[in-house]
Amino acid sequence: MGRWEPNAPGRLERAALDLYIERGFEQTTVAEIAERAGLTERTFFRHYADKREVLFAGAGALRDLLVSAVAGAPDSAAPIDAVAAAVEAAGAVLQERREFSRRRQAVIAANAALQERELIKLATLASALAGALRQRGVPDPAASLTAEAGIAVFKIAFDRWVNDDGQPDFPQLVRESLGELKAVTAGK
């Protein structure tokens, strides 16, 4: 594979994930990832700060998608419905990457430090959602509570989606999980 082939980040992502699955995250080096991708270590560091960030590179785009979906929700939408629409939109984007998501989740589940990084990502997403809700005029603590509930719905739907082939698509699981949350909070 030549060094000038396009899509270096995608090649690095695939190579890293393959190696993490084969050898384990801790046992894989940046040099091995770059070699597997047919690139140099310098190219790796041009795209990623470290080998962990290969797994979290999309967090900023996910945050931006969630925030813009909340901002774009109709003014009449209840805060939880604006967040649900945002989480559903994120689910629709992730739907196209189901196999990658499964493999990524397996790597994260096998490493405590990566689990911690995933929790930080989820907390950052909740904070961004709360900020978007405040921009819509939702006061605290309602904005923070709604954002945290939305991330909980996202997490539950995601876990169901990556762990069971028979499950519906991700957006459907978001709707089902939100329905279950609403039923529990309504005392049904």
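The values are calculated or read from the model by the stated rules, or taken from the named source; none is laboratory data. Treat the numbers as computed from the prediction; the structure is a model and nothing was measured. With ideal geometry, Cβ positions are generated from the backbone for all residues, glycine too; neighbour counts draw on all protein chains shown.
Confirm whether Ala183 is farther than 20 Å from Glu13 by Cβ, at pLDDT below 95 and among the hydrophobic types (A, V, I, L, M, F, W, C).
Here the answer is yes, as Ala183 does meet what is asked.
Applying the selection to the stretch 18-42, what residues are surrounded by fewer than 21 Cβ atoms within 10 Å (Cβ to Cβ) and assigned to a helix (DSSP H, G or I)?
Hits for the stretch 18-42 are Asp18, Ile21, Glu22, Arg23, Val30, Ala31, Glu32, Glu35, Arg36, Glu41, Arg42.
Mind listing just one residue for me: the one in the stretch 95-117 that is in contact with a Phe, Trp or Tyr (Cβ under 7 Å, 6 or more places away or on another chain) and polar (S, T, N, Q) and, of those, surrounded by the most Cβ atoms within 10 Å (Cβ to Cβ)?
So the residue we want is Asn111.
Could you please let me know if Thr124 is within 16 Å of Lys155 (Cβ to Cβ), hydroxyl-bearing (Ser, Thr, Tyr) and either at pLDDT below 95 or touching a Lys or Arg at 6+ places or on another chain (Cβ under 8 Å) (or both)?
So Thr124 fits the description; yes.
I'd like to verify a number: residues in the stretch 48-87 that are part of a helix (DSSP H, G or I) and either without any contact (Cβ under 8 Å) to a residue 24 or more places away in the chain or not β-branched (Val, Ile, Thr) (or both), how many?
20
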